[in-house]
Amino acid sequence: CNKIIWAGDYDSLNKSSKKHLDKYSISNKNRLSQGFIIDEISLNENKNFSDFSVLLDFISVNTFNSPIFIEVFYGLGGRKDHEAANILEAERFISNLPFGGICYFHGGVVISSIEFTIKKANKMSFSIFAKSNISNVEISGALYSGNFSLERPSHGLSNKAKGSTIFVKPKSSIILFYF
């Protein structure tokens, strides 16, 4: 069963998002509705951590013994400090997963410690960055394909899909895939 988990202090919950959440949640507490389990974590606005960090902590406590895939809507854009915090929280989360995982931010960022495929990538431009100082990554289906050692932040800039599919396999660290 799919799960929708919402965490926050309601400061950025717009009318459209609230309507979507209400559509699926009825009582907003662990109810099965239209194939989704809803978990809502209400937070006080006086805190020194992000809503997203609470969400990731919740997932960590309730995780399974397999890789995790997280899809984030509205985690990029708006304030750059919030965007940076979300990306850094996702990196921290992925790096602590025993079986690895992927965090996909709609808007063009994938943070991953495991291999993944991008489909319908025709002529997609992308860049891959490493979380650590040196990271090895295998790329296929791109202008620059092969095994690469990303030794500095500017390695991995400006690649492009050659066909409809890009395959990316981090080999030694978490990578950030921007498209």
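Could you please find all residues in segment 115-127 being open to solvent by less than 60 Å² (accessible area, probe 1.4 Å) and either in a strand (DSSP E or B) or closer than 23 Å to residue 78 by Cβ (or both)?
Of all residues in segment 115-127, those open to solvent by less than 60 Å² (accessible area, probe 1.4 Å) come to 116, 118, 121, 124, 126-127.
The answer is 116, 118, 126, 127.
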Tell me which residues, restricted to segment 143-156, are among the aliphatic types (A, V, I, L, M) and open to solvent by 90 Å² or more (accessible area, probe 1.4 Å). 143
Test of understanding: among 44, 65, 48, which residue is within 17 Å of residue 6 (Cβ to Cβ) and of a type in the set (S, T, N, Q)? 44
Residue 140 fails exactly one of (1) over 30 Å from residue 6 (Cα atoms); (2) open to solvent by less than 60 Å² (accessible area, probe 1.4 Å); (3) in contact with an Asp or Glu (Cβ under 9 Å, 6 or more places away or on another chain), namely (3)
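The values are calculated or read from the model by the stated rules, or taken from the named source; none is laboratory data. In this text, all values refer to a predicted model and were calculated from it rather than measured experimentally. Heads up, the Cβs are rebuilt from the backbone with ideal geometry, glycines too, and the neighbour counts pull from every protein chain shown. These area figures cover heavy atoms from the full protein model, side chains too; ligands, DNA and RNA do not enter into them. Shrake-Rupley method; radii C 1.70, N 1.55, O 1.52, S 1.80 Å.
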